[in-house]
Amino acid sequence: MSVLTEHLNSDHRKKEFSCGNIMLDDYLHKQANQDIKRKLSTCFVLKDKETDLLKGYYTLANNSLFQELIPIEFQKKLPSSYKSIPTTLLGRLAIDLKFQNQGVGKLLLVDALKRSCEISKSIGSFAVVVDPIDENAERFYDRYGFIKLPDSRKMFLPMNTIKALFD
């Protein structure tokens, strides 16, 4: 599988990363390594080849959604005996201010979807789920076909849709 990102490691220049959102910056600076060690999530980074600076990062983790939260048209295709449906959580996605508005977000999203699709061949995952941090993030995911979950800020993209993108 050809991907653009690599696993976060101690060689990466995390302290120099700033996306303009303190929560996302602090996560990378202070929490990401701990989450990786505890097997709570995995963090992938995209480096600038010339400067070695981090252009951006995203995290992936196992997740599940209560079936009742999924829109009816998708529920009809799922076994009713499943109370929760396995998914992949794209938990965070951030681009350093120096690299914003250059298509890096799209590259990171495609990379995350590709990884998620590959992983779903080994471990069941019905969809990729995101929980947009703000309205800008919601518009970003909406542009790429993510579907808003009723009564929630969360959005999802079915794995069959993702698979079709890469076939």
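Derivation of every value follows stated rules applied to the coordinates shown; laboratory data play no part. The shown structure was predicted, so the numbers you read here are calculated from the model rather than taken from an experiment. Cβ placement follows ideal geometry from the backbone for every residue including glycine, while neighbour counts extend to all protein chains displayed.
Miscellaneous remarks
- Taking the C-alpha atoms of the range 1-75, convex hull volume expressed per residue in Å³: 155 Å³
- Amide H contacts of residue 64 (H built 1.01 Å from N, under 5 Å, at least 5 apart or other chain): 87
- Computed from the Cβ-Cβ distance with R0 of 22 Å, the FRET efficiency linking residue 161 to residue 100 stands at 0.25.
- Euclidean distance of C-alpha centroids, the range 51-78 and the range 88-104, integer Å: 16 Å
- Amide H to amide H, with H built 1.01 Å from N, residue 21 comes under 5 Å of no residue 5 or more places away or on another chain.
- Springs between Cα atoms under 10 Å define the GNM used for the chain, and in it the highest mean-square fluctuation of 134, 25, 96 occurs at 134.
- Reducing the range 1-42 and the range 123-167 to their Cα centroids gives an inter-centroid distance of 21 Å.
- 5 angstrom amide H check on residue 154, placed H, neighbours 5+ away: 149
- Loop-located trypsin sites (Lys or Arg not before Pro) in the range 47-88 (DSSP state other than H, G, I, E, B) with a sparse environment of at most 16 neighbouring Cβ atoms within 10 Å: 49, 76, 77, 83.
- Listed options for log10 I(q)/I(0) by the Debye sum over Cα atoms at q = 0.10, 0.13, 0.15, 0.17 Å⁻¹ are (1) -0.37, -0.63, -0.83, -1.06; (2) -0.38, -0.62, -0.79, -0.96; (3) -0.32, -0.56, -0.76, -1.00. The value calculated from this structure is the one marked (1).
- Helix-only [θ]222 nm of the chain, DSSP H runs n ≥ 4, -39500 (n - 2.57) each, per residue, nearest 500: -7500 deg cm²/dmol
- Within a Gaussian network of the chain (alpha carbon springs, distance under 10 Å), most fluctuating of 54, 69, 28: 69
- Note, ³J(HN,Hα) from phi for the range 93-108, Karplus 6.51, -1.76, 1.60, rounded to Hz, x at Gly and Pro: 8, 9, 10, 4, 3, 5, 10, 6, 6, 10, x, 5, x, 4, 4, 5
- Calculated from backbone phi, Karplus (6.51, -1.76, 1.60) coupling profile of the range 115-129 in Hz, x at Gly/Pro: 4, 4, 5, 4, 4, 5, 6, 9, 10, x, 8, 6, 6, 9, 10
- Charging the Cβ of each Asp and Glu at -1 and of each Lys and Arg at +1, and nothing else, the dipole of the chain about its Cα centre rounds to 360 debye.
- Sorted fewest first by neighbouring Cβ atoms within 10 angstrom, 110, 130 come out as 110, 130.
- Phi angles of the range 131-138 translate, via the Karplus equation with coefficients 6.51, -1.76, 1.60 and θ = phi - 60°, into HN-Hα couplings of 10, x, 6, 7, 5, 4, 5, 4 Hz per residue; Gly and Pro are given as x.
- Taking each residue as 0.36 nm, the span from residue 21 to residue 77 lengthens on full extension beyond its C-alpha to C-alpha distance by 16.3 nm.
- Considering only 21, 62, 136, the mean-square fluctuation computed in a Gaussian network model of the chain, springs between alpha carbons under 10 angstrom, is largest for 136.
- Along principal axes, Cα extents of the range 107-167, largest first, whole Å: 32, 25, 16
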